[in-house]
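Single-structure report; data block below.
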Amino acid sequence: MATITFIGLGNMGGPMAGNLVKAGHDVTVFDLSKEAVAALVAEGAKTASTAHEAAKGAECVITMLPAGKHVEAVYLGDDGLLAHLPAGTLVIDSSTIAPETARGVADKAEANNILFLDAPVSGGVGGAKAGTLSFICGGDESTFNKAKPILESMGKNIFLAGGHGAGQVAKICNNMLLAILMAGTSEALALGVKNGLDPAVLSEVMKQSSGGNWALNVYNPWPGVMEAAPASRGYEGGFLVNLMNKDLGLAFDNAVKNHAAIPMGSLARNLFELHAGQGNGTLDFSSIQRLYKPE
Ligand code: NAD
């Protein structure tokens with residue numbers, strides 16, 4: 001069992017840190033939100049008053065923060081963790097950020113002989129709670145092998161996509177496809193319901209047919225079809241529209257840099273931005289259904 005510091009206890013980080021505690025690791029947590037910290041302390045984690053204090057003595061530091069600017073603020077600069085952690089510390093960032101930001105953090109880590117892995121996740125809040133996340137890693141193989149037993153306490157599928165930043169590239173591709181699938185699923189459900197179909201029946205038909213996809217299987221966007229999905233609790237919690245827009249922005253920027261065509265991704269980005277502009281930024285991303293079925 002390892003001595004682990006976990007920073008960023010939001011919708012994803014909270015249950016991920018909870019699973020590390022359950023697995024028997026010695027876990028110290030830190031977040032700017034006192035409520036988030038208190039919830040983990042109640043589950044058996046320790047805490048400290050700053051990220052630096054929390055990271056003292058850690059063999060492994062894991063971060064799960066909203067965006068690249070938060071990751072840079074925690075790790076880089078004279079005040080950043082990388083300037084203070086001992087050589088040999090394993091550092092895993094599971095936030096979804098730009099590949100070049102991850103590479104910048106990796107370069108700084110390497111310069112200080114710290115082992116860095118970008119390890120964004122897929123599987124949503126449900127996967128974080130159940131400990132069934134997919135980790136999509138970027139880094140060298142020996143660091144990956146060192147991190148794997150720790151990641152297995154929080155996830156089921158642990159992939160090495162390539163070198164530093166490769167985990168983020170794969171994650172951005174995945175989330176762009178997810179946005180397209182969620183918007184398309186919402187559109188199909190709304191069309192069926194306009195024609196008098198029961199959304200639950202239509203969902204079952206499409207799930208077992210060639211339109212089947214992850215949104216239909218575990219994250220149905222129509223309220224009431226799937227009890228455990230955010231759609232059935234007013235689209236609260238889950239993966240925020242604002243975070244999906246951040247990821248679609250990362251995909252768009254990356255496509256521009258690489259002269260890659262992403263017409264479907266660009267359209268999905270337009271739809272999610274329009275939806276956020278209508279005051280839905282802090283709802284779960286499956287609330288894109290409301291664009292097609294105003295409540
Ligand atoms: P969230 O907003 O719920 O949580 C982020 C947490 O980080 C908050 O508790 C916040 O207080 C904390 N924080 C911010 N800056 C901090 C700092 N400097 N020091 C300490 N704590 C700080 O976000 P989330 O939904 O948990 O997502 C986290 C990351 O995971 C994002 O990059 C997101 O894109 C990605 N992700 C989310 C999901 C999902 O379903 N929610 C799925 C896969 C990936």
Convex hull of Cα atoms in the stretch 75-147, direction-averaged projection (nm²): 5.2
Reachable lysines from Lys156, criterion Cα separation under 27 angstrom, eight or more residues apart if same chain: Lys22, Lys46, Lys129, Lys146, Lys148, Lys171, Lys207, Lys246
On Cα atoms only, tilt of 141-151 relative to the major axis of the chain in degrees: 70
Nearest-20 debye value, the stretch 3-162 charge dipole, Cβ charges on Lys, Arg, Asp, Glu: 440
Normalised alpha carbon radius of gyration of the stretch 143-295 [divisor 2.2 N^0.38 Å]: 1.13
From the C-alpha gyration tensor of the chain, square roots of 5λ in Å: 35, 21, 17
Net charge of Cβ neighbours under 15 Å - reference Leu117; Lys, Arg +1; Asp, Glu -1: -3
Degrees, to the nearest 10: 263-275 long Cα axis against longest axis of the chain: 90
Cα long-axis angle, helix 13-22 against the chain (0 to 90 degrees, to the nearest 10): 60
Cross-link partners of Lys56 among aspartates and glutamates (Cα-Cα below 15 Å; sequence separation of 8 or more within a chain): Asp26, Asp79
Set of lysines near Lys293 by C-alpha distance (under 17 Å), chain-local residues within fewer than 8 positions excluded: Lys194
DSSP beta bridges in the chain [antiparallel fraction, %, rounded to 5]: 15
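Computed from the coordinates by the stated procedures, all read-outs in this text should not be read as laboratory data. None of the values given here were measured: they were computed from a predicted structure. Cβ atoms come from the backbone with ideal geometry, glycine included; neighbour counts cover every protein chain shown.
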